[in-house]
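Asker: Just passing along the structure, written as structure tokens.
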Ligand code: GLY
Ligand code: MN
Ligand code: MN
């Protein structure tokens, strides 16, 4: 990815910041597991958003002082022993090249820097992660310390600013998601080419190969491979049952590429052919997805999209006799999640709960779950909101009954 993306992200963030402020964003430390290997915590997406860097423990500071904007990064110094165990940190030059930030210093200058800033600024932005526990988290502890040392400074929350910015994706970000989707597509085709009454994890492994082979960052979230009634548990992740001939299997999976996520669900017949009943339910979900898509455009909310799907189900499920009266409550017995969320650096991305705007990327994921019939179906695609409507980003991934059955027939190994 090019540094211009991160330069743009910082420029947009600085635009939102009050004058005479700094914003401090920390990347997480590596955690020593006490065994042979050191391993990292999951990256801080907001740190990556501003810098394009994965380097552990580093700190980026954005400053806006008397209207003049700039940024600096604090990095780890080279340590010979550490380098032998976990690798050398990036050099100052490498850090500049990736992030576009020329002012790169070492972490040991942090305290004196903050002290100098305290004399000339009014506000410090910290990224307060929502905290439901009664223990203070790192940012809350730091805020307390800063307030003790520098009582005249205001501590502000940068999270709403990240939320606002990350709700809208630019061209370069959209392209990363397109690439993540294409890797996911390859993995799905690989699964389909091997579909059989295997264990769920065995079928899942055909997706894993596409992740590794194509240099994806990794998984957007833990893969769900749920056969038969397992698919009625929305976040089933055991993936350890044997799929039966005659059952469906629901895959909810996604690659991430340069940290940007894809989020796709498909439901396939283990023996290559949908039964009459499975096909009937599948097509109701599929048409529901198209129905929702027709409403996606700037101005609508994801909550309204969900309501549209529920109203559609009220009619369609009554038509096939699955529900009697056609009430919302009856529908919720068979459909019990939301149809849409934002997708970006996180699979469930930070987002403002406001009407959609061009540049939002959202999921469109209707499902129906009929446990008593061993049927759980979800069809999920990723959709870009455009100025005039919406674009299916994952339109190339096989979806109709006919296309799925034909693909299996022609490609099964
Ligand atoms: N993969 C989680 C979701 O679809 O929301
Ligand atoms: Mn999903
Ligand atoms: Mn989703």
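The values are calculated or read from the model by the stated rules, or taken from the named source; none is laboratory data. Bear in mind the structure is a predicted one, so any value in this text is a computation, not a measurement. Here the Cβ is made from the backbone with ideal geometry for all residues, glycine too, and neighbour counts use every protein chain on show.
Asker: What are the residues in the range 341-374 that are under 14 Å from the mean Cα position of the chain (by Cα) and more than 10 Å from ligand 3 (Cβ to nearest atom), if any?
Answerer: Answer for the range 341-374, where residues must be under 14 Å from the mean Cα position of the chain (by Cα) and more than 10 Å from ligand 3 (Cβ to nearest atom): 344, 345, 346, 349, 350, 351, 360, 361.
Asker: Among what's in the range 163-214 and is outside any helix (DSSP H, G or I) and in contact with a strand residue (DSSP E or B) (Cβ under 8 Å, 6 or more places away or on another chain), pick the residue that is farthest from residue 410 (Cα to Cα).
Answerer: Once the filter is applied, the top-ranked residue is 167.
Asker: Then there's this: Which members of the range 247-263 meet the condition of being within 15 Å of ligand 1 (Cβ to nearest atom) and either part of a loop (DSSP other than H, G, I, E, B) or under 12 Å from residue 377 (Cα atoms) (or both)?
Answerer: Within the range 247-263, 250, 251, 252, 254, 262, 263 qualify.
Asker: Ok, one more. Just name the residue that is nearest to residue 11 (Cα to Cα) out of those in the range 26-53 that are at pLDDT 70 or above and in a loop (DSSP other than H, G, I, E, B).
Answerer: The extreme case among them is 52.
Asker: For residue 346, state whether it is under 22 Å from residue 255 (Cβ atoms), within 16 Å of ligand 1 (Cβ to nearest atom) and in a loop (DSSP other than H, G, I, E, B).
Answerer: yes
Listed here are the residues, each with its yes/no results for (1) at pLDDT 95 or above; (2) within 30 Å of residue 167 (Cβ to Cβ); (3) away from ligand 3 (no atom under 16 Å from the Cβ); (4) in a loop (DSSP other than H, G, I, E, B).
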site: 265; (1), (2), (3), (4): yes, yes, no, no
site: 272; (1), (2), (3), (4): yes, no, yes, yes
site: 277; (1), (2), (3), (4): yes, no, yes, no
site: 281; (1), (2), (3), (4): yes, no, yes, no
site: 299; (1), (2), (3), (4): yes, yes, yes, yes
site: 303; (1), (2), (3), (4): yes, yes, no, no
site: 309; (1), (2), (3), (4): yes, yes, no, no
site: 313; (1), (2), (3), (4): yes, yes, yes, no
site: 316; (1), (2), (3), (4): yes, no, yes, no
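Asker: Give the range 375-396 a look and list any residue that's touching a strand residue (DSSP E or B) at 6+ places or on another chain (Cβ under 8 Å), in contact (Cβ under 8 Å) with a residue 12 or more places away in the chain and away from ligand 3 (no atom under 14 Å from the Cβ), or say none.
Answerer: Result: 375, 376, 377, 384, 385, 390, 392, 395.
Asker: For the range 220-246, enumerate the residues that are touching a helix residue (DSSP H, G or I) at 6+ places or on another chain (Cβ under 8 Å) and part of a helix (DSSP H, G or I).
Answerer: Answer for the range 220-246, where residues must be touching a helix residue (DSSP H, G or I) at 6+ places or on another chain (Cβ under 8 Å) and part of a helix (DSSP H, G or I): 229, 230, 232.
Asker: Follow-up question, since we're still on this one. Does at least one position in the range 311-334 carry a residue that is at negative phi and within 16 Å of ligand 2 (Cβ to nearest atom)?
Answerer: Among the residues of the range 311-334, not one is at negative phi and within 16 Å of ligand 2 (Cβ to nearest atom), which makes the answer no.
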